[in-house]
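The values are calculated or read from the model by the stated rules, or taken from the named source; none is laboratory data. These numbers come from a predicted model, not from an experiment. Quick reminder, even Gly has a Cβ in these numbers, built from the backbone with ideal geometry, and neighbours come from all protein chains shown.
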Amino acid sequence: MGQELIEIATVEERLSRARAALEAVRPSAALRAAEAEHAELVQRVAALEAERREVEGRIAALESQRDELGERLARLRGQGDHAGFRDQSRLEAESTMVRSRLEELDEAELEAMEERDSVVASLDEVTAQRDAVGGTVAELRAALDVEREQRREAVRTAEAAWAEALAGLDPGLRARIEARAKRGRALALSIAGRCSACHMELSGAVLGAVAAGRDVDCESCGAWLVGEGLAGGGL
C-alpha cells in the first residue's frame, strides 16, 4: 500500500505541475506590445478616415459655393446687356466681387484637395502598418493557442494517469484521497525534508511520522505526506 501511495503522489505531482504550467500560459510581452500597437494604429486609421471625410466635405461645400457664384455671375452678365449706365456700373462692380470670390474659392479648393491627398497618403501608410501589425498579432495569438492546447493535453494525460492510479485502490482509500483532492492536493511527497506541494520545510516530527509510515499532513498546506520511508500501517 505504501508504494502505491508514493506512486499516486508522484502522479499527482505531475498533474499539479501540468495544471500550473497551463495556468502560467500568458500572452507574451511581444504579443501585448503588438496588441497595444495595433489598437493605437486602429485609432489612428479611424482618425485619419474622419479627417479625410471632413476635408472632402469642405471640398464639396466649396464646389457648391463656386457653382452658385458661377451661376450668379452668368446672370449678372446677362443683366448687363439690358441695364442702364448706373445699373451697368453696379453690375460690373458686383461681377468683379463675384469673380474675386470665385478665385478665392478656387484657391481654397486647391488647398483642401492637397490636404486631402496628404491625408489619404497618411491613411494608406497607417492602414498598411495596421494590417502588418495585425498579422503579427494573429501569428502570436495562434502560437499562444497552440501552447495552451499542448498544456491542456498534458493536463488531460496527467488526469488520465491519476484516474488510472486510483482505480486499483481500496474503495474506502480511494474515496478518502478523492475527497482530499477536492480541497486541494490530496497527496504530496516528502522530498529532501520538504513538501512537494508547497515546498515548505517539514518539521522533525512530521518527517519522523512520514518515515514511520504514519498518516500525517503537511503543517503548511495540509497535503497528506508520503515518502520512501512509508510503511503499510497508519491508513
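The table that follows gives values for the structure above.
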| item | result |
| --- | --- |
| Residues that are surrounded by 15 or more Cβ atoms within 10 Å (Cβ to Cβ) and not in a helix (DSSP H, G or I), drawn from region 2-44 | VAL25 |
| Single residue of region 136-190 satisfying the filter (more than 24 Å from GLN3 (Cα to Cα) and either touching a Lys or Arg at 6+ places or on another chain (Cβ under 6 Å) or of a type in the set (Val, Ile, Thr) (or both)) that is surrounded by the fewest Cβ atoms within 10 Å (Cβ to Cβ) | VAL146 |
| Residue ID - surrounded by the fewest Cβ atoms within 10 Å (Cβ to Cβ), chosen from residues in region 191-224 that are closer than 15 Å to SER16 by Cα and touching a strand residue (DSSP E or B) at 6+ places or on another chain (Cβ under 7 Å) | CYS221 |
| Pairs, first over 30 Å from ALA138 (Cα atoms) in region 1-28, second polar (S, T, N, Q) and outside any helix (DSSP H, G or I), C-beta under 6 Å, six or more apart | GLU13/SER196 |
| Condition check for ALA46: over 30 Å from VAL210 (Cα atoms), outside the structural domain of CYS221 (by TED's automatic domain parsing) and among the hydrophobic types (A, V, I, L, M, F, W, C) | yes |
| Qualifying residues in region 171-190 (those that are without any contact (Cβ under 8 Å) to a residue 40 or more places away in the chain and outside any helix (DSSP H, G or I)) - the one farthest from LEU22 (Cα to Cα) | SER190 |
| Unique residue being in contact (Cβ under 8 Å) with a residue 12 or more places away in the chain, within 30 Å of PRO27 (Cβ to Cβ), assigned to a helix (DSSP H, G or I) and among the hydrophobic types (A, V, I, L, M, F, W, C) when the list is ALA112, ALA143, ALA154, ALA108 | ALA154 |
